[in-house]
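The values are calculated or read from the model by the stated rules, or taken from the named source; none is laboratory data. All figures in this text were calculated on a predicted structure; none of them were measured in a lab. Here the Cβ positions follow ideal geometry from the backbone for every residue, glycine too, while neighbour counts run over all protein chains shown. These area figures cover heavy atoms from the full protein model, side chains too; ligands, DNA and RNA do not enter into them. Shrake-Rupley method; radii C 1.70, N 1.55, O 1.52, S 1.80 Å.
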Amino acid sequence: MNIIVVGAGIAGLSTAWSLVKRGHSVSIVEQGPIPNPLAASGDHHRIIRRAYGKAAGYGRLITEAYEAWDEMWTDLGESHLDPRGFLCVSREEGDEAEEYRAGMEEGGWPIELLEPEAAVARWPFLETGSFRYAYFSPDGGALHCRKIATGLAKWLRDNGANVYEDSKVVAVDAEAGVVTLANGETMQADRVVVTAGAWVLKLFPELGGELKTYRTALAYVEPPADLKAVWEAAPVILDVGGKTDGYMIPPSGGAGMKFGSGLHKVPTSDADWNRQPVEGEGEAIRNLFSPPIARIEEYKVTEVVTCAYTFTADEKFLAHETGKCLIVSACSGHGYKFGAAVGRRVAQAIGDGDVGGLKRWLRAETL
Ligand SMILES: Cc1cc2nc3c(=O)[nH]c(=O)nc-3n(C[C@H](O)[C@H](O)[C@H](O)COP(=O)(O)OP(=O)(O)OC[C@H]3O[C@@H](n4cnc5c(N)ncnc54)[C@H](O)[C@@H]3O)c2cc1C
C-alpha cells in the first residue's frame, strides 16, 4: 500500500518505520525539521519506567515497549536508551510515589526500598528529614529523543521512504486520501495516518470533544559542582512525593539535567501559542522540588523549554478512523516510552484492518 504519515514525532516516525518493514511505500510529512524542537518528541530526553498506578494497565505494556525499542535499536545499529533505572520518593501517605509502588508490587516487579538515611547516603542531593522513604527500580531510564528522531529519519531515507521536512499539511480529505500542503501541492495515498501531536485539532477539530491541548514548560539546570558526579550516576527521579507532580532527568546522552512538573500545565486552544518562556518560569518550576531536593537555589536554570501536548480525560491513548484516514494520539503526557510499540501496532492495524484491536491496546485494555 501507498501510505502518507502526517507528523514526524515519535508516533509518526515509528509508524513509518514499521510500515516500511512491512513492505509498504511510505511518505512522511513534517511541518518543521526532524526532530522538531516544538514537538512533544523534540526535547532531548523522555523517561521510560515500569511504574504506573495499579489500575492503569500501562505497566504491563512496558514489556512490549522495551521489546519494540530493542527491535528499533537493532535496525538503527545503536541503542538510544540510557537504562539508569528510576527513583521515587514518598513524602505523604497515599502520594503518587505510593501509587506507583502499589502498581510495581501488584505487577510483581521488584523495587529496592530505602530508609531516608540510606537514601540520603546514596543520593546526597536528597534533604535529610524531608521524606518517609525512597525506592529504586532498575526498570527505567532516559530515552534520547533527538538521537532517535535523527536515526529514524536517516533509516527511513536509507530504506526507500520519502521524508519531507518543512512541509506543513493544511488539509486532509479523508474520503479521497488526499493531503494538501501549505504550498498548495497535493499528495494522494491508499491510507493516511495522522500523528500530528498537539496540532491534530487544527486538521480534525471534531476530535476536540475527546482531546484537549495543554501548554507546559520545563527547566534545564546546572547542579551544584560538588553534586555533579552523584547526579551523573543517579537514576531518573520519577516522583518527588507529596503533592508535587514533578520529575527530574539527570544529565544523560550529552543533554543537561532537567526538572519538569505537571503543575505548570495550562489548557491552550492552539499548540503554537504562548511558546515563549515567561520571566522566572524556570526558577518557579525548580523551586517546586524542595523538599525533597536539598539546596534547591544552587541549581542554576540554564534554559526553559515550552511544550504542547494533548490529553484524553482519562489519560489514555486514542485512535480514530475516518475514511482512508487513521488518526492516532498516543500522548496524555506519557506516550513517548511506548513510541516504538505504538508504531508497530499502528502499522499492524493498517495491514489487518483491526482498528478496534488497536484502540483497545492503546487504552491498555489488552496485551
Ligand atoms: C513536558 C513533557 C514531558 C513528557 N515526559 C514524558 C516522559 O517522561 N515519558 C513519556 O513516555 N512521555 C512523556 N511525555 C509525552 C511524550 O512526549 C508524548 O506523548 C510524545 O512525544 C507524543 O509524540 P507524538 O508523535 O504523538 O507527538 P509530537 O511529538 O508532538 O509530534 C507531532 C509531530 O507532528 C508534526 N505536525 C503537526 N501538525 C502537522 C501538520 N499539519 N503538517 C505536518 N506536520 C505536522 C509536528 O510538528 C510534530 O513534529 C512528555 C510530554 C511533555 C510535553
Semi-axes a, b, c in Å (a largest) for the range 38-107, each sqrt of 5 times a Cα gyration tensor eigenvalue, come to 27, 15, 11
Under the definition of Cα pairs under 8 Å and six or more residues apart, what whole-number percent is the relative contact order of the range 33-147?
41
Report, to the nearest whole %, how much of the accessible area of the range 166-247 belongs to carbon and sulfur atoms, 1.4 Å probe, protein only.
51
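What part of the accessible area of the range 1-135, given as a whole %, is carbon or sulfur when the probe is 1.4 angstrom?
Heavy-atom surface of the range 1-135 belonging to carbon and sulfur, 1.4 Å probe: 49 percent.
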If you count only protein heavy atoms with a 1.4 Å probe, what accessible area per residue comes out for the range 102-227, rounded to a whole Å²?
45
Of the listed pairs Lys154/Lys228; Lys212/Lys324; Lys212/Lys300; Lys154/Lys300, those with alpha carbons more than 27 Å apart are Lys154/Lys228; Lys212/Lys300; Lys154/Lys300
Quick one: with all protein chains in place, what share of the accessible area of the range 269-352 is carbon or sulfur, to the nearest percent (1.4 Å probe)?
47
Residue (of Ala16, Trp199, Thr63) at the positive-pole extreme of the chain, dipole from beta-carbon charges:
Ala16
Antiparallel DSSP bridges in the chain: what percent, to the nearest 5?
75
So, in Å, what gap is there between the alpha-carbon centers of the range 11-39 and the range 90-153?
32
Alpha carbon centre of the range 213-239 versus the range 265-317: separation in Å?
13
Classify the range 224-357 from the C-alpha gyration tensor, please: rounded if a/c falls under 1.5, else prolate or oblate depending on whether a/b exceeds b/c.
prolate
Straight distance only, please: which lysines reach the Cα of Lys54 with their own Cα at less than 22 Å, same-chain residues fewer than 8 apart left out?
Lys243, Lys316, Lys337, Lys359
Among Pro277, Pro235, Pro251, which one shows the biggest mean-square fluctuation in a GNM of the chain, springs joining Cα atoms closer than 10 Å?
Pro277
